[in-house]
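See below for the structure under consideration.
No lab work stands behind these numbers, since they all come straight from the coordinates. The shown structure was predicted, so the numbers you read here are calculated from the model rather than taken from an experiment. Ideal geometry is used to build each Cβ from the backbone, glycine not excepted, and the neighbour counts take in all protein chains shown.
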Amino acid sequence: MRMAKSSSYSSNIFLAAVLLFFGNVFLGAQASDVLYYDFVLREINVTRNCTTNTILVVNDSLPGPTIQARKGDLVYVKVHNQGLYGVTLHW
Ligand SMILES: *[C@@H]1O[C@H](CO)[C@@H](O)[C@H](O)[C@H]1NC(C)=O
Ligand SMILES: *[C@@H]1O[C@H](CO)[C@@H](O)[C@H](O)[C@H]1NC(C)=O
Ligand SMILES: *[C@@H]1O[C@H](CO)[C@@H](O)[C@H](O)[C@H]1NC(C)=O
């Protein structure tokens, strides 16, 4: 009787350890994704109200594309600057 109780207790601990282990592996895999983005920067002329201005766009949009990442992910952004000047990007 005592033996069976002890065995059931330790198998519960074993089950909890297995769940924790696989839970961590699963969450760990989710939290450490490596993401790659390509940004193409170029100047375009935009005419509004009969006035033409040159603006710098990322993949033809302003603001640029959204980067979707989770905490802990590693994100590589390759910037192809086809604009007229050097640029600094901020996030
Ligand atoms: C931006 O444009 C380039 C070239 O068309 C494309 O390869 C890349 O996937 C685009 N990036 C995003 C974030 O949409
Ligand atoms: C924008 O307009 C300027 C001045 O007219 C011109 O020199 C330039 O080539 C134009 N740029 C584009 C991307 O059309
Ligand atoms: C265009 O010009 C009108 C009249 O000056 C002004 O009320 C409006 O806000 C302007 N629109 C833009 C997008 O600049």
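Starting at the first residue of segment 43-51, write each ³J(HN,Hα) from the Karplus equation 6.51 cos²θ - 1.76 cosθ + 1.60 with θ = phi - 60°, in whole Hz, x for Gly and Pro.
My calculation for segment 43-51 gives 8, 10, 9, 10, 9, 9, 6, 6, 10 Hz in order.
For residue 40, enumerate residues with amide H under 5 Å from its amide H, sequence gap 5+ or separate chain, H modeled in the peptide plane.
HN-HN under 5 Å from residue 40: 59, 80.
Calculate, for residue 78 and residue 43, the FRET efficiency according to 1/(1 + (r/R0)^6) with r their C-beta to C-beta distance and R0 22 Å; round to the nearest 0.05.
0.70
Karplus couplings for segment 76-87 from phi (6.51 cos²θ - 1.76 cosθ + 1.60, θ = phi - 60°), rounded to Hz, Gly and Pro as x?
Computed from phi, the couplings for segment 76-87 are 9, 10, 8, 9, 9, 7, 9, x, 8, 10, x, 9 Hz.
Under the rule of at least 5 residues apart or a separate chain, name every residue whose amide H is placed under 5 Å from the amide H of residue 77.
So residue 77 has HN proximity to 37.
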